[in-house]
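Please treat every number below as a calculation from the coordinates, not as lab data. Remember, it's a predicted structure, so these values are computed and weren't measured experimentally. Reconstructed Cβ throughout: ideal geometry from the backbone, glycine too, with neighbour counts over all protein chains shown.
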């Protein structure tokens, strides 16, 4: 077999590992070499942990296969807003540049317990605030399909790493689309689970009522495998759901979508969206219909208000959550003449522009005299957005829509225009506001060769049906098998960026 | 909804953020634009709608009141910008002579 080991999916790698045809050390070495070859161009990683990765790989090779270690020997990456014991977790921020957490996030601990290998930490917009990974305080990540373009965000490093073959799968976090939108831009699968399904313990808080850890993978089967490992009740997260959960990989055994009712929301096909995106999503809908699904046109009438609701609620929660960065217990301290001046100087120097902008916006929305007009009003409209979905899921099993209105934009194109940047998330925000689940998977390419994402949205705990529909579509198409034009031949070129 | 420079300075003070003059002016413009966009919510009548603070049906999640084993003190202090005698060290909160630490 002449396949490149770094190019394997997780389920392919598992078979080779279990058959003893490949060792975890060989697989990890292949990934580390791949990172060396392409990451100067892609810049997906903030921190690499090759020594501990190889130590974990040797341990994996010494332990026998077991049902308790479904990820034995599988090299993965973790977004840098998720805590990893003893490994820097900067959140893409100067204020946490030298922070190494004393514990693992629950999701990370579960991956490790399942036998996974941690290759390193991936780049993201500072504190997950952004849609392009350009808000990282360290450097932007580049889209593997076109290095002059953004990978999306905020989990842009994780999406780019999966797309470029720099890991077999990755964790991300999704507060308003931060797993699904970069998955769409990078041509990979990105799943945002139902709020409460995956523990947030050790996920550095941005907007606590919206944040959810999700997974990025090369195909739907891999996403199901990763979710099965990380999902489930955790007493360390009071918002973690305590409910029996399925093995999500068994949801994929249904090989058809006959009789599945697919809602097509008119508000997700709007003037101004890229015509190739609309065409690809409409073609995917036609394919689902041909595969036996029933298309049901429907309306989610408050979709248009999701953007202002999100940009009041998320910054309000962020302004409270980020109050903890005061230069006292961890992170940067910029001394001032008084304690209060120390707080101000530390935060003024430690936070980047977008984080300050959102703290300011959130503080304003929560301040005396404006709370009712902005924050409370947004929470009420959030109820209307949830009710739209409640009504939709009385009629349909899933809702299918584009993930983002355009393909990946150029680096620098939107950095100085926050509203324009925020618009790339208009099709993903509502899912977080409603607390439901959604997946993005590749459904085509535009004429510039950039991937287009299809979003399948399900109700609360609707992951099995969402993954089944996504899997059936994926298996009927070949988009997920395309790889970006990166290669060892590129490693000779000068660095960009 | 255009913010004034004084409002920007007041918010920055509430948020404990030191901003440069350039940042204040930029945020004044950008926040005004975002708030103008948010004003669209006024189109909706929400008088009879309850707010959603959380999507979960959970209330008062309690755990057994049993002592556990806390993380070691030295681990918790390992990331501190300044530590002294097992405590976080900060500038004096009350001081008659600003500028002296401890």
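Beta carbons within 10 angstrom, averaged per residue: use that to sort the peptides A:100-107, A:73-80, highest first.
Result, highest mean first: A:73-80, A:100-107.
Hey, with R₀ at 25 Å, roughly what FRET efficiency would residue A:420 and residue A:299 work out to, going by the Cβ-Cβ distance, to 0.05? Don't skip to the answer; put the middle values down first.
Numbers: r = 26 Å, r/R0 = 1.05.
Calculated transfer efficiency: 0.40.
With 10 angstrom as the radius, rank A:248, A:422 by how many other C-beta atoms surround their C-beta, starting from the fewest.
The order, fewest Cβ neighbours first, is A:422, A:248.
Suppose each label sits 7 Å from its Cα in the direction of the beta carbon; what would the residue B:93-residue A:98 distance come out to in nanometres?
Roughly 2.6 nm, to one decimal.
Could the peptides A:456-462, A:318-324, A:126-132, A:159-165 be put in order, highest first, of the mean number of other beta-carbon atoms found within 10 Å of their residues?
The densest-packed peptide leads the list: A:159-165, A:126-132, A:456-462, A:318-324.
Calculate how many DSSP beta bridges within chain A are antiparallel, expressed in % of all such bridges and rounded to the nearest 5.
DSSP beta bridges in chain A are roughly 70 percent antiparallel.
Which whole number gives the average, over all residues in B:34-47, of C-beta atoms from other chains lying within 10 Å of the residue C-beta?
That average works out to 6.
Which whole-angstrom value gives the distance between the alpha carbon centres of segment A:41-74 and segment A:441-479?
28 Å
Just report the Cα centroid separation between segment A:239-284 and segment A:110-128, whole Å.
Measuring centre to centre over Cα atoms gives 26 Å.
Rounded, prolate or oblate: which one fits chain A, using the alpha carbon gyration tensor with axes a ≥ b ≥ c (rounded when a/c is under 1.5, else prolate when a/b beats b/c, else oblate)? Before the final figure, lay out each step's value.
Values: a/c = 1.42, a/b = 1.05, b/c = 1.35.
Rounded, since a/c falls under 1.5.
If each of residue A:483 and residue A:7 carries a label point 7 Å out from its Cα toward its Cβ, how far apart are those two points in nm?
0.3 nm
Just counting partner chain Cβ atoms within 10 Å, what average do the residues of peptide B:81-92 show around their Cβ?
4
For segment A:170-204 and segment A:313-350, what is the separation of their C-alpha centers, rounded to whole Å?
Here the two parts' Cα centres lie 27 Å apart.
For A:371, A:201, which order do you get if you count the other beta carbons within 10 Å of each Cβ and list the fewest first?
Least to most surrounded, the residues fall as A:371, A:201.
At R0 = 30 Å, how high is the FRET efficiency between residue B:47 and residue B:25 if r is their beta carbon distance? Nearest 0.05 is fine.
0.20
Taking the Cβ-Cβ separation of residue A:58 and residue A:289 as r and a Förster radius of 60 Å, what is the calculated FRET efficiency to the nearest 0.05? Walk me through the numbers on the way to the answer.
On the way: r = 50 Å, r/R0 = 0.84.
Here the calculated transfer efficiency is 0.75.
Ignore the peptide's own chain and count Cβ atoms of other chains within 10 Å of each Cβ in A:349-362; give me the average, rounded.
Numbers: counts 1, 1, 2, 0, 4, 0, 1, 8, 6, 2, 6, 15, 8, 2.
Going residue by residue through A:349-362 and averaging, the value is 4.
Report, to the nearest 10°, how far helix B:21-38 tilts away from the longest principal axis of the Cα atoms in chain B, using its own Cα long axis and a range of 0 to 90°.
Long axis of B:21-38 versus the principal axis of chain B: about 50 degrees.
Give me B:73, B:89 ranked fewest to most by other Cβ atoms within 10 Å of their Cβ, as a rough exposure proxy. Let's see the in-between values first.
Working: B:73 11, B:89 15.
Fewest-to-most Cβ neighbours within 10 Å comes out as B:73, B:89.
Once both axes come from the Cα atoms, what is the angle between helix B:5-14 and the longest principal axis of chain B, in degrees from 0 to 90, rounded to 10?
That helix lies at roughly 30 degrees to the long axis.
Going by average Cβ density within 10 Å per residue, which order do the peptides A:186-196, A:434-444 take, highest to lowest?
Packing proxy ranking, top to bottom: A:186-196, A:434-444.
Quick one: of the DSSP bridges fully inside segment A:34-137, what percent are antiparallel, nearest 5?
Taking every DSSP beta bridge within segment A:34-137, about 45 percent pair in antiparallel fashion.
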